[in-house]
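Worksheet: one structure, shown below.
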Amino acid sequence: MTGSDDLTVELLIVNGMITEEQAEEGRHTAQDRDCPIIEALEFLHYVTEEDVTMMLASEYGMDTFDLGDYQIPPEVIAAIPPEIARRYRVVPVMKGEGTITVAMDDPTDLESLDSLRYILKGDVEGVVASKKQINQALNYHYGTVEETVESFLEDITEGTLDISEVGTTDLTTEVAAEEEDDAPIIRLVSLIILEAFRTRTSDIHLEPLEKRFRVRYRIDGVLTEVENPPKYLQNNIVSRLKLMASMDLSEHRIPQDGRIQIGAMGRNLDLRVSNIPTTHGESIVMRILDKSSVMLGISELGFLADDEALILKIIALPDGIFLVTGPTGSGKTTSLYSFLHTLNQPTRKIITAEDPVEYELSGINQVQINHDIGLDFTFALRAMLRQAPNVIMVGEIRDLETGEIAINAALTGHLVFSTLHTNDAPSTVTRLIDMGVKPFLVASSVRAIMAQRLVRRLCKNCSAETQATETEIEALELGDDFFDGATLMRGKGCPECTNGYKGRMGIYEIFMVEPSVQDLIYKKVTASVIRREARALGMRTLRDDGLRKAAAGVTTLEEVIRTTAADDPDEE
């Protein structure tokens, strides 16, 4: 809600919708997640957005309005200019003789109605819709941004915007750069970041090619090329970003890393910036770090019920190592943070060693690795053990020394979480042994290993039932009757999503180190032998889990094929 959260919480308590204890828990969760308290209460499932909307509408004597299936006539939309609709967060829904009815998500904002009456020179009545519906309607009817990168670049290329023209930006940075000649570049860089945030982009790639300067957004794990700035602006844009990230502007020969902290759309954004010299200039990749994306409950990661129960059983163990594996960008950090968030209780001491610390977690001691001063994973892990923790997270086991210390910690009563780069869960065992860790140490300390990948989640608004194509069945090497009784879905594409997908979820391969597996580890058998035993004990592969989720209608067969490899038939 855009009104007073404290007032809204008090009204929820007075109306018996939440208790004082739930309100207090909501305040703590809001602080941890860096979000409004109403959003925190929704996250805790104490209220829904619809509950809050209807309660506030009732308190202020206003009617509720469902924008979901309502078709607003174009002449009604035209009654309020886009900039006014966005500024006051209203959507016109009906127009009468001298009267306009607008939908709003905050019935406490009576000042906006008075301002609209003055601006529009007429009577304005308000009805209440959910925040989600207001956002969707504003984006659908008025476009996703008031000024886009594309329109800005058109002004430059057509000569309507001179390179020395002074502009403004909606973004604020900690680094000041106010020279008039730089203003259009400041505005362009700000628009690139803002549009990326609006489109749920996780990474922004700015790549210098021979004859053009390419900009791509990674949305739901897939790179999408957007409007490219002119090649002659390449150096200006790169310099601006290096300045914002506190990098050395005079250094063009070696890679650099930095961070940018900015405010956008009422949110504080943190961007991790990587700069590397290439043949045709400096390439920059910006990772948008959104704290809310990693502060997820285990149930929100995409586990099906049986796998979620197994994970809760694993993280409840008093000691041992739980390893999460997968390539860069497969969601390992999100999974580990979710496990730690679940375990984060006043009765437990949790310490992490990370390189870098991407997100700060309230109540958890986080150590930033710094190789320049000798603070590597090994050094940090030794020091952490002297702090008498219950739970330890090591960002990554990279060498024998780190692996042995982590294993010794697990054998002396600590629960240890860490990551390793392997393609699947069973091969992690042989990877540790190849590093030099003794087989009996691996067998006695490793409790479970989870491999994971991310697949795009189908948009709930536009997905419809479909059938598996011959190409998909052939690629999956399945029988024609495999999907009998399944609910396969495919997205059509709508204003709310990207090509039928919205968001991502994990697919998982959970490998429990049972006694029979321990015997195989002692014998130093190959990864394929361990994998066959794991399958015999009931382990589902990444592809198995992906197929289950495709059959349940939450992702597509296309995504499963794209992100997983075929299983070895000899392992069946």
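The values are calculated or read from the model by the stated rules, or taken from the named source; none is laboratory data. Quantities reported herein were computed from a predicted structural model and do not represent experimental measurements. FYI the Cβ positions are ideal-geometry reconstructions off the backbone, even for glycines, and counts take in every protein chain you see. Remember, those area values only see protein heavy atoms, side chains included, never the ligands or the DNA or RNA. Shrake-Rupley method; radii C 1.70, N 1.55, O 1.52, S 1.80 Å.
Things to note:
- Unique match (being touching a residue at least 60 places away in the same chain (Cβ under 8 Å) and open to solvent by 40 Å² or more (accessible area, probe 1.4 Å)) among THR555, THR563, THR487: THR487
- Residues of the range 367-404 classified as within 26 Å of the chain's Cα centre (by Cα) and touching a residue at least 40 places away in the same chain (Cβ under 8 Å), total: 7
- Which listed residue is touching a residue at least 40 places away in the same chain (Cβ under 8 Å) and among the aliphatic types (A, V, I, L, M), from ILE13, ILE72, ILE18, ILE38: ILE72
- Residue list for the range 341-350, restricted to those being buried (at least 19 other Cβ atoms within 10 Å of the Cβ) and over 12 Å from VAL416 (Cβ atoms): HIS341
- Residue, modelled with the lowest pLDDT, within the range 258-284, restricted to residues that are assigned to a strand (DSSP E or B) and of a type in the set (S, T, N, Q): ASN268
- Yes/no for ARG453 being in a loop (DSSP other than H, G, I, E, B) and either more than 30 Å from THR564 (Cα to Cα) or open to solvent by 10 Å² or more (accessible area, probe 1.4 Å) (or both): no
- Yes/no for GLY395 being touching a helix residue (DSSP H, G or I) at 6+ places or on another chain (Cβ under 8 Å), among the small types (Gly, Ala, Ser) and at pLDDT below 90: yes
- Complete set of residues in the range 116-134 that are under 23 Å from GLU75 (Cβ atoms) and in a helix (DSSP H, G or I): LEU116, ARG117, TYR118, ILE119, LEU120, GLN133, ILE134
- Taken over the range 463-486, the criterion of being out of contact with any helix residue (DSSP H, G or I) (no Cβ under 7 Å at 6 or more places or on another chain) and assigned to a loop (DSSP other than H, G, I, E, B) is satisfied by THR466, GLN467, THR469, GLU477, LEU478, GLY479, ASP481, PHE482, ASP484, GLY485.
- Restricting the range 311-333 to residues that are of a type outside the set (A, V, I, L, M) and open to solvent by 20 Å² or more (accessible area, probe 1.4 Å), the residue that is nearest to VAL442 (Cα to Cα) is ASP319.
- LEU420 under 30 Å from THR564 (Cα atoms) and hydrophobic (A, V, I, L, M, F, W, C): yes
- Residue within the range 294-310 that is closer than 24 Å to VAL442 by Cβ and in a helix (DSSP H, G or I) present: yes
- Any chance SER335 is polar (S, T, N, Q), part of a helix (DSSP H, G or I), on the phi < 0 side of the Ramachandran plot and free of Cβ contacts under 8 Å to residues at least 12 places away in the same chain: no
- Every residue from the range 351-395 that is open to solvent by less than 60 Å² (accessible area, probe 1.4 Å), among the acidic types (Asp, Glu) and not in a loop (DSSP other than H, G, I, E, B): GLU354
- The helices (runs of 4 or more DSSP H) located wholly in the range 1-115 that include 3 or more residues which are farther than 23 Å from GLN136 by Cα, open to solvent by less than 80 Å² (accessible area, probe 1.4 Å) and at pLDDT 85 or above occupy 5-14, 20-33.
- Screening the candidates GLY297, GLY320, GLY331 for the property of being in contact with a helix residue (DSSP H, G or I) (Cβ under 6 Å, 6 or more places away or on another chain) and of a type in the set (Gly, Ala, Ser) yields one hit, GLY320.
- ARG287 being of a type outside the set (Gly, Ala, Ser), open to solvent by 40 Å² or more (accessible area, probe 1.4 Å), at pLDDT 90 or above and closer than 21 Å to LEU415 by Cβ: no
- Within the range 420-443, considering residues that are surrounded by 18 or more Cβ atoms within 10 Å (Cβ to Cβ) and not aliphatic (A, V, I, L, M), the one nearest to ASP519 (Cα to Cα): PRO439
- Test for VAL437: is it out of contact with any Phe, Trp or Tyr (no Cβ under 6 Å at 6 or more places or on another chain), aliphatic (A, V, I, L, M) and not in a loop (DSSP other than H, G, I, E, B): no
Okay, residues lined up against (1) open to solvent by less than 30 Å² (accessible area, probe 1.4 Å); (2) under 22 Å from the mean Cα position of the chain (by Cα); (3) hydroxyl-bearing (Ser, Thr, Tyr):
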| residue | (1), (2), (3) |
| --- | --- |
| ILE507 | yes, yes, no |
| PHE511 | yes, no, no |
| VAL517 | yes, no, no |
| THR526 | no, no, yes |
| ARG535 | no, no, no |
| ALA550 | yes, yes, no |
